[in-house]
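Structure record follows, encoded as structure tokens.
The values are calculated or read from the model by the stated rules, or taken from the named source; none is laboratory data. Predicted model only: the values in this text are computed from it and were never measured. Glycine also receives a Cβ, built like all others from the backbone with ideal geometry; neighbour counts cover every protein chain displayed. We work out accessible area using only protein heavy atoms, side chains counted, and drop any ligands, DNA or RNA first. Shrake-Rupley method; radii C 1.70, N 1.55, O 1.52, S 1.80 Å.
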Amino acid sequence: MKTVKQNVVKMAALLALTSSAFLATAADKVIHEDDFATLRGTAITSEPTPPPLKNEVDHKGTLGRAFPTQAPVVPHKVRKYQVNLKVNQCLSCHDRSRIKESKAPMVSVTHYMTRDNHFLAQVSPRRYFCTQCHVAQDEAKPLVPNVFIDVDKLLEAAEAKKSAEH
């Protein structure tokens with residue numbers, strides 16, 4: 001029994017020494033925001049202005065999606081569109097009250113819902129800033145290859161394989 005008590009006391013003393021040494025080291029190193037390197041090129045507390053798209057493109061019709069839950073991309077230029085607390089120029093065509101005259105697709109019904117799935121008469125404030133999710137396209141070379149295959153294409157390939165086997 002005596003050795004067990006001695007071991008517990010030794011462990012407690014060792015733990016106390018290590019934690020006090022760690023705290024002393026941590027206190028010597030005050031961390032500043034400038035100590036962190038970021039890909040943003042500015043301090044984490046600043047809000048840099050993003051560079052403008054260089055080759056913004058107007059497309060005919062809609063564009064495909066790179067993955068199933070991707071928000072639809074904007075098939076036209078939006079560089080001079082005003083979207084702020086007072087004005088949302090996207091809704092001048094895409095709001096449900098304007099689609100008949102504009103011939104633009106209507107904003108998804110999910111944009112008229114609250115977090116609790118109650119419908120609103122106007123676009124939900126949490127869905128108001130369109131360009132948070134929907135982006136215009138730029139004619140740029142992809143940074144990484146996209147190997148995504150749409151589920152419809154996978155189903156077609158499976159059907160074709162079954163047909164070939166029979």
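Here is a list: LEU154, LEU85, LEU91. Which entry is out of contact with any strand residue (DSSP E or B) (no Cβ under 7 Å at 6 or more places or on another chain) and either among the β-branched types (Val, Ile, Thr) or within 20 Å of PRO68 (Cβ to Cβ) (or both)?
Numbers: LEU85 fails: either among the β-branched types (Val, Ile, Thr) or within 20 Å of PRO68 (Cβ to Cβ) (or both); LEU91 fails: either among the β-branched types (Val, Ile, Thr) or within 20 Å of PRO68 (Cβ to Cβ) (or both).
Sole residue among the options that is out of contact with any strand residue (DSSP E or B) (no Cβ under 7 Å at 6 or more places or on another chain) and either among the β-branched types (Val, Ile, Thr) or within 20 Å of PRO68 (Cβ to Cβ) (or both): LEU154.
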- Log entry, pairs with first residue in the stretch 80-103 being without any contact (Cβ under 8 Å) to a residue 40 or more places away in the chain, second being surrounded by 11 or more Cβ atoms within 10 Å (Cβ to Cβ) and of a type in the set (Val, Ile, Thr), beta carbons closer than 6 Å, six or more apart or on different chains, reads HIS94/VAL107
- Message: Being surrounded by 13 or more Cβ atoms within 10 Å (Cβ to Cβ), touching a helix residue (DSSP H, G or I) at 6+ places or on another chain (Cβ under 9 Å) and of a type outside the set (A, V, I, L, M, F, W, C) is the requirement here; does ARG98 meet it?
- Response: yes
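If a residue must be without any contact (Cβ under 8 Å) to a residue 12 or more places away in the chain and either closer than 30 Å to PRO51 by Cβ or touching a Ser or Thr at 6+ places or on another chain (Cβ under 7 Å) (or both), how many such residues does the stretch 127-166 contain?
The first filter runs over the stretch 127-166 and keeps only residues without any contact (Cβ under 8 Å) to a residue 12 or more places away in the chain, leaving 132, 141-145, 147, 149, 152-166.
Now restrict to residues that are either closer than 30 Å to PRO51 by Cβ or touching a Ser or Thr at 6+ places or on another chain (Cβ under 7 Å) (or both): 132, 141-145, 147.
The total comes to 7.
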- Query: Here is a list of conditions, (1) surrounded by 15 or more Cβ atoms within 10 Å (Cβ to Cβ); (2) at pLDDT 90 or above; (3) part of a loop (DSSP other than H, G, I, E, B), and LEU53 meets all of them except one; can you say which number that is?
  - Reply: (2)
- Where ALA121 falls short, out of the listed (1) among the aliphatic types (A, V, I, L, M); (2) within 23 Å of the chain's Cα centre (by Cα); (3) more than 30 Å from LYS153 (Cβ to Cβ): (2)
- Task: Any chance you could count how many residues in the stretch 113-166 are open to solvent by 100 Å² or more (accessible area, probe 1.4 Å), of a type in the set (Asp, Glu) and in a loop (DSSP other than H, G, I, E, B)?
- Result: 2
- Could you list all residues from the stretch 72-86 that are assigned to a loop (DSSP other than H, G, I, E, B) and surrounded by 13 or more Cβ atoms within 10 Å (Cβ to Cβ)? PRO72, VAL73, PRO75, HIS76, LYS77, VAL78, TYR81
